[in-house]
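**Student:** I have a structure here, written as structure tokens, and I will follow up with some questions on it.
The values are calculated or read from the model by the stated rules, or taken from the named source; none is laboratory data. It should be emphasised that the depicted structure is a prediction, and the values quoted were computed from it without experimental measurement. Note: ideal-geometry Cβ built from the backbone for every residue, glycine included; neighbour counts use all protein chains shown.
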Amino acid sequence: MHNRPFGATGFSTLPIGLGCWQLGNGWDGAFDQAEAVATMNQAVESGVRFFDTADVYSGGESEAAIGRFLKTAREQIFVATKIGRWGEPGWPGNFSSAAMHAHVEATLRRLQVSTIDLLQLHCIPPEVLAAGEVFETLRNLRQAGKIRFFGASVESVEEGLSCLAQPGCASLQVILNILRQKPLDVLLPAAQRAGVAIIVRLPLASGLLTGKLRADTVFNATDHRSFNRDGAAFNVGETFAGLPYAVAIELIEQLRSKVPAGMSMADMSLRWLLDQSAVSVVIPGASRALQIRANVAVAALPALAPELHAWLRIFYREKVVAHIRGPN
Ligand SMILES: NC(=O)c1ccc[n+]([C@@H]2O[C@H](COP(=O)([O-])OP(=O)(O)OC[C@H]3O[C@@H](n4cnc5c(N)ncnc54)[C@H](OP(=O)(O)O)[C@@H]3O)[C@@H](O)[C@H]2O)c1
């Protein structure tokens, strides 16, 4: 009932999908197959049909668990995966044509399918993106029937715009949330005009926009919110949307009084995204089944009031944007 078209692909989906980075472990260590199955079952029972994963998540375990799940699922699931951040020869050598073909074969084996629904470049170096050969490889993979559609997960608006110029690019995955609004200005309207689907990652800014994190919250050492909070391991923007943790906690306090009655802060944050017409699917990661039910329910909520939208735009421009680190 609340489905949206996924760009110009002909596929449509509930605009809440499942982010599978933390599938089966919640960023807290060893992969738990039973937990992964429970999460996917809850997602499908809730109406979710769009899963986002990557070869690198839990060292291939996320893709492999999805592959096993697809064998038993009665509903059709659309799987978006990514290559480039894992395996030999490493990053950025993984974006050579030979490496991409090898990584696609490995993903096909883990997913136990003959065709990948959507293959995304996983945060490609800007100079490799600009050279454009990767897209030729993607078009060849599509021609060969290895992938149905291709797209890119990007770090910045500039990278996103260069992907839009590539024939056949079906989707862009971007960081977008109340604390990270830059794509709204130019990139999303351009994608909408081009019929390119927008997948939103970090919709809850790694959990900040649930309002449940505190200044003294302790994260497990295996959780990127511990080891990458200042960008020590990968792009700083992928953790807390690039905000220094202490600053982010203060900003969240300023949002609390704005949460509409009857909604949680997570509800407001996801609804804010669904109110953007260029957004095709939002992929909150979930560490517990309960979170999935709550996140999916947001698709049925009414839009936020125009006054709240206006206030959140000003809040971002006046209080947030100056603190964002990393490509944006
Ligand atoms: N470079 C890339 O392409 C890239 C990078 C990052 C993410 N992604 C994709 O995007 C997905 C989403 O991003 P993300 O997981 O990093 O960030 P996120 O969706 O903003 O935050 C996920 C975290 O929010 C909390 N949460 C979710 N729903 C909740 C609810 N209803 N109530 C309370 N807490 C809730 C959980 O925290 P707790 O674990 O503390 O419970 C969960 O781990 C990932 O799973 C992955 O598929 C892609």
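**Student:** Of these, LEU176, LEU213, LEU204, LEU164, which one is within 16 Å of the ligand (Cβ to nearest atom) and either acidic (Asp, Glu) or farther than 19 Å from ILE16 by Cα (or both)?
**Tutor:** So the residue among LEU176, LEU213, LEU204, LEU164 that is within 16 Å of the ligand (Cβ to nearest atom) and either acidic (Asp, Glu) or farther than 19 Å from ILE16 by Cα (or both) is LEU213.
**Student:** Considering only the stretch 117-133, state which residues are buried (at least 23 other Cβ atoms within 10 Å of the Cβ) and away from the ligand (no atom under 15 Å from the Cβ).
**Tutor:** If the condition is that a residue be buried (at least 23 other Cβ atoms within 10 Å of the Cβ) and away from the ligand (no atom under 15 Å from the Cβ), then no residue fits.
**Student:** Every residue in the stretch 199-218 that is without any contact (Cβ under 8 Å) to a residue 24 or more places away in the chain and either among the hydrophobic types (A, V, I, L, M, F, W, C) or in a helix (DSSP H, G or I) (or both), please.
**Tutor:** Passing the criteria: GLY207, VAL218.
**Student:** Give the number of residues within the stretch 237-268 that are in a helix (DSSP H, G or I), farther than 22 Å from VAL282 by Cβ and touching a residue at least 60 places away in the same chain (Cβ under 8 Å).
**Tutor:** Matching residues across the stretch 237-268 total 2.
**Student:** While we're on this one: Determine which single condition GLY93 fails, assuming it passes every other condition in (1) without any contact (Cβ under 8 Å) to a residue 40 or more places away in the chain; (2) surrounded by 20 or more Cβ atoms within 10 Å (Cβ to Cβ).
**Tutor:** Of everything listed in (1) without any contact (Cβ under 8 Å) to a residue 40 or more places away in the chain; (2) surrounded by 20 or more Cβ atoms within 10 Å (Cβ to Cβ), GLY93 misses just condition (2).
**Student:** Does GLY7 count as part of a loop (DSSP other than H, G, I, E, B), within 18 Å of the chain's Cα centre (by Cα) and modelled with pLDDT under 95?
**Tutor:** The answer is no for GLY7.
**Student:** Which numbered condition trips up THR81, out of (1) at positive phi; (2) within 16 Å of the chain's Cα centre (by Cα)?
**Tutor:** (1)
**Student:** Suppose we keep only residues that are touching a Leu at 6+ places or on another chain (Cβ under 6 Å) and not hydrophobic (A, V, I, L, M, F, W, C) within the stretch 61-83. Which one would you say is nearest to the ligand (Cβ to nearest atom)?
**Tutor:** Residue satisfying both the conditions and the ranking: SER62.
**Student:** Something else: Collect the residues in the stretch 269-293 that are part of a helix (DSSP H, G or I), charged (D, E, K, R) and within 11 Å of the ligand (Cβ to nearest atom), keeping them in residue-number order.
**Tutor:** Of everything in the stretch 269-293, just one residue is part of a helix (DSSP H, G or I), charged (D, E, K, R) and within 11 Å of the ligand (Cβ to nearest atom), namely ARG293.
**Student:** Here are SER96, SER58, SER114: which of them is polar (S, T, N, Q), modelled with pLDDT of 95 or more and within 15 Å of the ligand (Cβ to nearest atom)?
**Tutor:** Matching residue, one of SER96, SER58, SER114: SER58.
**Student:** Among ARG148, ARG142, which is the only one that is in contact with an Asp or Glu (Cβ under 6 Å, 6 or more places away or on another chain), away from the ligand (no atom under 16 Å from the Cβ) and in contact (Cβ under 8 Å) with a residue 24 or more places away in the chain?
**Tutor:** Going through ARG148, ARG142 in turn, just one is in contact with an Asp or Glu (Cβ under 6 Å, 6 or more places away or on another chain), away from the ligand (no atom under 16 Å from the Cβ) and in contact (Cβ under 8 Å) with a residue 24 or more places away in the chain: ARG148.
**Student:** Condition test on GLU75, is it in contact with a helix residue (DSSP H, G or I) (Cβ under 6 Å, 6 or more places away or on another chain) and surrounded by fewer than 19 Cβ atoms within 10 Å (Cβ to Cβ)?
**Tutor:** Yes: the conditions hold for GLU75.
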